[in-house]
Amino acid sequence: MKTIERPMTLEEFDALPESNRPAQLIEGHLVGAPAPDRFHQRLSGAIYVAVYLHLEAHPDRGEVYQAPFEVQFPGVNVYQPDVMFFTRAHLGRLTDKRAVGAPDLVVEILSPSTARYDTGKKREVYARFGVAELWIVDPPRRSVSVYGLGQDPDQPLRVLKHSDVLRTALLPGFELPLSRVFGREH
């Protein structure tokens, strides 16, 4: 006899005990992962700090958050993007517990245990529910694929390498040399 696993509800997800381990609800399926490695954390921190400092100089543009802050999408989807930015127009999507609705910008840093979700199902959900821009950071390749999800959710607009500068129209004047992000070897 085959057992059919039913999707988890949002209420069941919210009733889980608090944990230091990342957990996401992807189409009703609980997906756990080991804690990110040191290089992943350094990349996430560098991107978060760069956006944060830009917003310190331009506070009227919005707010930036980092995992483990959650984002709830329609259906049974609760994600923890590594970094997320909400423009001033979308700050109403933020609650004390999580964001309910799409950030304007999502940054996902690939890890072996979650890369297939980040580049597959999560990217599809981000595009479907209004994330304007997605940055997929590939640590081994030291590259960032920039997706304009409202334009072509399947192909990056550009792929930036270690020597390039990351810019986005969502944050006018923001420039992040990727050599500062990828920097030294881990």
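Assorted remarks:
- Test: residue in region 49-65 that is in contact (Cβ under 8 Å) with a residue 40 or more places away in the chain, within 14 Å of the chain's Cα centre (by Cα) and closer than 22 Å to SER113 by Cβ: no
- All conditions in (1) small (Gly, Ala, Ser); (2) free of Cβ contacts under 8 Å to residues at least 60 places away in the same chain; (3) farther than 16 Å from VAL144 by Cβ; (4) surrounded by fewer than 16 Cβ atoms within 10 Å (Cβ to Cβ) hold for GLY45, with the sole exception of (3).
- Residue within region 149-157 that is surrounded by 14 or more Cβ atoms within 10 Å (Cβ to Cβ) and modelled with pLDDT under 95 present: yes
- Among the residues of region 79-122, those that are surrounded by fewer than 21 Cβ atoms within 10 Å (Cβ to Cβ), among the basic types (Lys, Arg) and over 19 Å from ASP37 (Cα atoms) comprise ARG88, ARG93, LYS97, ARG98, LYS121.
- Subset of region 158-186 (residues that are touching a His at 6+ places or on another chain (Cβ under 8 Å), surrounded by 14 or more Cβ atoms within 10 Å (Cβ to Cβ) and part of a loop (DSSP other than H, G, I, E, B)): LEU171, PHE174
- Against the test of being under 13 Å from the mean Cα position of the chain (by Cα), of a type outside the set (S, T, N, Q) and farther than 10 Å from VAL71 by Cβ, the options ARG88, ARG123, ARG128 yield a single qualifying residue, ARG123.
- From the options VAL144, VAL107, VAL78, residue that is in a strand (DSSP E or B), closer than 19 Å to PHE13 by Cα and in contact with a Phe, Trp or Tyr (Cβ under 8 Å, 6 or more places away or on another chain): VAL78
- Among the residues making up region 110-140, those that are in a strand (DSSP E or B) and among the hydrophobic types (A, V, I, L, M, F, W, C) are LEU134, TRP135, ILE136, VAL137.
- Tally, over region 5-61, of residues that are part of a loop (DSSP other than H, G, I, E, B) and modelled with pLDDT under 85: 18
- Restricting attention to region 91-104, the residues that are touching a residue at least 60 places away in the same chain (Cβ under 8 Å) and not in a loop (DSSP other than H, G, I, E, B) add up to 0.
The values are calculated or read from the model by the stated rules, or taken from the named source; none is laboratory data. Not measured: the values here are computed from a predicted model. When we count neighbours, we look across all protein chains shown, and the Cβ atoms used for this are built from the backbone with ideal geometry, even at glycine.
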